1. Quick one: is residue 259 of a type in the set (D, E, K, R), out of contact with any Asp or Glu (no Cβ under 6 Å at 6 or more places or on another chain), at pLDDT below 90 and not in a helix (DSSP H, G or I)?
2. Cβ-Cβ below 7 Å, separation at least six or inter-chain, first residue in segment 113-133 and modelled with pLDDT under 90, second surrounded by fewer than 15 Cβ atoms within 10 Å (Cβ to Cβ): which pairs?
3. Can you find a residue that is touching a Phe, Trp or Tyr at 6+ places or on another chain (Cβ under 8 Å), hydrophobic (A, V, I, L, M, F, W, C), farther than 26 Å from residue 178 by Cβ and assigned to a helix (DSSP H, G or I) anywhere in segment 102-114?
4. Taking the options 231, 195, name whichever one is surrounded by fewer than 18 Cβ atoms within 10 Å (Cβ to Cβ) and within 15 Å of the chain's Cα centre (by Cα).
5. Pull out all pairs, ordered by first then second residue, where Cβ-Cβ is under 7 Å, the residues are six or more apart or on different chains, the first lies in segment 257-268 and is assigned by TED's automatic domain parsing to the domain that holds residue 234, and the second is loosely packed, with under 10 Cβ neighbours inside 10 Å and not in a loop (DSSP other than H, G, I, E, B).
6. What residue, of 41, 30, is over 23 Å from residue 206 (Cβ atoms) and at pLDDT 85 or above?
7. Just give me the residues in segment 74-88 being in contact with a Leu (Cβ under 8 Å, 6 or more places away or on another chain) and under 10 Å from residue 51 (Cβ atoms), in sequence order.
8. Taking into account only those residues within segment 135-161 that are in contact (Cβ under 8 Å) with a residue 40 or more places away in the chain and of a type in the set (D, E, K, R), which is farthest from residue 191 (Cα to Cα)?
Amino acid sequence: MKTELGGLRLSAAAALTVGIVGVSFALLSNSQAILLDGLFNLCYFATTLVTFKVLRMVHRPDDDQYPFGYGYFESLVNAGKGLLILGISVIALFDSLAALLTGGRAIAVGLAVGYAMFATFTCTLTALSLHFARKRIDSPLLQADCENWVVNSIISAAVLLTFCLVPLIEALEWDMAVPYVDPVLVGFVVLVCIGVPIRMAGRAFTELLNKTPPDSVAKPVTHAIEKALAGLPTERIYTRMVRPGRTLYVIVHVVLNKRFPLEGLEQLDRIRHDVDAAVRNVHAHTVVDVLFTAHERWAAPIAPSNGAYRTNDMAP
């Protein structure tokens, strides 16, 4: 798998296959745990179709309709995936509680074990394939899919292990406990894995809200900017950045000493080129704007309500 599109196609094919097989086996075995897994994958397949469209969009340049590009659609899709997984998990949790309160449910163990073996193998293989692909391809879309398949693998393995214990429970003549195996399993899996969709959606929403990227991203970029501007008589450097999806937007306000010997606009463009190259060395998908001023008020943070400057503020 050499491309981002190839990874997403693998994810979509695996989700569709596991989803169809899961729903079919759920109807035959009467297992809500298997139904949860099947519906989860069918819904994820549907969101992957949207992901294909977004993948084409994020590579477009900005235009009059979207002057800051299409990177936010990537975060929007990941937020939708996280909320979808979370929603299905919550519904499954309430269903399992209802089953526990009404005497559990009987399942066809043989069919359930057969599905769980198939699902565990398929999900684990897909997760490993996407994990190795991520090492070569920097893609938030692949990262979200990889996290999904890790969760899927854990769910399938837990289902397999639990269903394999049912014959042991029957051998110990604990027949009253058998109907509760399926709802208890559903509740356990949901509670163990629910943190993954919460983190996925939370990370996407922080990007949509223009929160500064984590230090693992922001600090190397800030250090690269400071190094590129080290030869200038700067009074202060203000760096602001956001990262919707894979694209990092960086705005650098450079407050120069008023006695800076400006040779012309080409000199400033050379400085911009140096800053842009330095940032791209640490983050490939980047848009950098470098602004120069001799007055700190044009660079310092300011509340929107105070954004209008008085005329006498313009004086040197």
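1. So residue 259 fits the description; yes.
2. Cβ pairs passing all conditions: 113/164.
3. no
4. Exactly one residue qualifies, and that residue is 195.
5. Filtered contacts from segment 257-268: no entries.
6. Exactly one of 41, 30 is over 23 Å from residue 206 (Cβ atoms) and at pLDDT 85 or above, namely 41.
7. 74, 77, 78
8. It comes out as 136.
The values are calculated or read from the model by the stated rules, or taken from the named source; none is laboratory data. Computed from a predicted model, the values in this text were never measured in an experiment. No Cβ is skipped: glycine too gets one built from the backbone with ideal geometry, and neighbour counts run over all protein chains shown.
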